[in-house]
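Report on the structure given below.
The values are calculated or read from the model by the stated rules, or taken from the named source; none is laboratory data. Because the structure is predicted, anything quoted here is derived from the model rather than measured. In this analysis, Cβ positions are derived from the backbone assuming ideal geometry, glycine residues included, and neighbour counts consider all displayed protein chains. Only protein heavy atoms, including side chains, enter the accessible area calculation; ligands, DNA and RNA are left aside. Shrake-Rupley method; radii C 1.70, N 1.55, O 1.52, S 1.80 Å.
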Amino acid sequence: MQSLLVFQSLWAMELRSSRRADPTLEESISQIAEAGFDGVSAHWYDREYVRRLHALLSQYGLQAEGQCFPKSIDDLKPVLENAAEFGVHHICLQPDIRLRRIDDCLPLLEGWQRLGEDARIPVYIETHRDRMTTDLFFTLDLLDRLPDLQLLGDISHFLVGREFAWPVSEENHGMIHRILDNSWAFHGRVASREQVQIEISYPHHQPWIDLFLGWWEYGFRSWRKRAAANDSLAFVCELGPKPYAITGRDGEDSTDRWEESLMLQRYARGLWSRLTTES
């Protein structure tokens, strides 16, 4: 039976506060487990860190999304070695290279895809600013050439990058839907046209929340049609610390990001529950 796994980003656990100390890794994992998350998102290239994190996750039966930022095909190899040794739900790959020609990107994408297939570890290319996938149009052109490219959809970057007019046009919805139709996991964050991460606990941001809930619902439905009967879909709550988080004059977060992460968790599970009931 298909299932939804909701992860919490360890980056999102950073406070970066002058008033409160950041939690230790042990404290973060305990808090995440107690809140009912299914796993975490964390960097997966430093073997000693991964070994330590894996030991903590194993205590609570949690899974992991492994993030990496390769600049070459070979940069992915140690990440996959760590994934093979310690296990991972999937690899989130941010291609840390900024090429201007589609033809220059294809060998890298095909090489990463081949390494993942050989290792039998899912490798998904994240849609992210200041990466190969920074631009929506460019990413759609990549899909024209590699229609089976497996993406990790963080659509907040495309909304703020393209500064979609409100209300969002059918043309823009269609472009986002095409990204979602190639997405095999999701990062959860709500953006506006001007900011990549807005406070979802503020009532006046509800229109943007509704927009993203609609996009995630489309993405969930699309994934359910494409995935195998027993596959699991990962949704990562990724409300990052400043400068992603909006801060006040005092440099502190304007909202409680942990509480908002729990809101995202409820949103994702509510969507999934409704789709499951429908089917």
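Shape of the range 24-182 from the C-alpha gyration tensor: oblate (a/c of 1.5 or more and a/b not above b/c, with a ≥ b ≥ c the square roots of its eigenvalues). Remark: the Ala229-Gln59 segment gains 58.4 nm on full extension, using 0.36 nm per residue and subtracting the alpha carbon distance. Can you tell which of Gly248, Pro167, His187 lies farthest toward the positive end of the dipole of the range 134-279, using +1 and -1 charges on the Cβ of basic and acidic side chains (Lys, Arg; Asp, Glu)? Positive-end residue among those listed: His187.
What does the charge count around Glu260 come to, taking other residues whose C-beta lies under 12 Å from its C-beta (Lys +1, Arg +1, Asp -1, Glu -1)? Mind showing how you got there, number by number?
Values: positive: Arg189, Arg257, Arg266; negative: Glu199, Glu238, Asp253, Asp256, Glu259.
Counting the neighbours of Glu260, the net charge comes to -2.
Annotation for the range 91-200: trypsin sites (Lys or Arg not before Pro) lying in DSSP loop with at most 12 further Cβ atoms inside 10 Å of their Cβ are Arg98, Arg100, Arg101, Arg120.
Toward the positive end of the charge dipole of the range 3-278, with +1 on the Cβ of Lys and Arg and -1 on the Cβ of Asp and Glu, the farthest Cα among Phe37, Ala119, Gln150 is that of Gln150. Between Val236 and Phe7, Phe186, His187, Gly188, the built amide H atoms are under 5 Å apart, and every one of these is 5 or more places off in sequence or on another chain.
Of the chain, which part is the longest with no GluC sites (Glu not before Pro) in a loop (DSSP not H, G, I, E, B) and with at most 11 other C-beta atoms within 10 angstrom? Intermediate results must be reported in sequence, preceding the final value.
Working: sites that count: Glu163, Glu194.
Between exposed loop sites, the widest span is 1-162.
How much of Ile198 can a 1.4 Å solvent probe reach, expressed as accessible area in Å² and rounded to 10? Taking all protein chains as shown, Ile198 has close to 10 Å².
Alpha carbon centre of the range 131-204 versus the range 9-84: separation in Å? Comparing the Cα centres of the range 131-204 and the range 9-84, I get a distance of 25 Å. Fully extending the segment from Ala84 to Tyr218, taken as 0.36 nm per residue of separation minus the present Cα-Cα distance, adds 45.1 nm.
Protein-only accessible surface at a 1.4 angstrom probe places the residues Lys225, Lys77, Lys71 in the order Lys225, Lys71, Lys77, largest first. Return the FRET efficiency for the residue pair Lys71, Arg47: r is the Cβ-Cβ distance, R0 is 25 Å, and the value is rounded to the nearest 0.05. Once rounded, the FRET efficiency stands at 0.85.
All other residues with a Cβ under 14 Å from the Cβ of Ala33 taken together, and with Lys, Arg as +1 and Asp, Glu as -1, what is their net charge? Each step should come with its number before you reach the end.
Values: positive: none; negative: Glu26, Glu27, Glu34, Asp38.
Spelling it out: positives minus negatives among the neighbours equals -4.
If you plug the beta carbon distance of Val168 and Tyr202 into 1/(1 + (r/R0)^6) with R0 = 25 Å, you get a FRET efficiency near 0.80.
Of the DSSP H helices in the chain, none is both long (alpha-carbon extent of 15 Å or more along the helix axis) and hydrophobic (Kyte-Doolittle mean at least 0.5).
Based on DSSP, what percent of beta bridges with both residues in the chain are antiparallel, to the nearest 5? Spell out each step's value before the answer.
On the way: 1 of 30 bridges.
Among the beta bridges of the chain, antiparallel pairing accounts for roughly 5 percent.
The order of Met132, Met1 by accessible area, most exposed first and with a 1.4 Å probe, is Met1, Met132.
Considering only protein heavy atoms, with the full assembly of protein chains and a 1.4 angstrom probe, order Tyr202, Tyr244, Tyr45 by accessible area, largest first.
Solvent-accessible surface, decreasing: Tyr45, Tyr202, Tyr244.
The simple spin-label model puts a point 7 Å past each Cα toward its Cβ; for Ser273 and Leu25 those points are separated by 3.4 nm.
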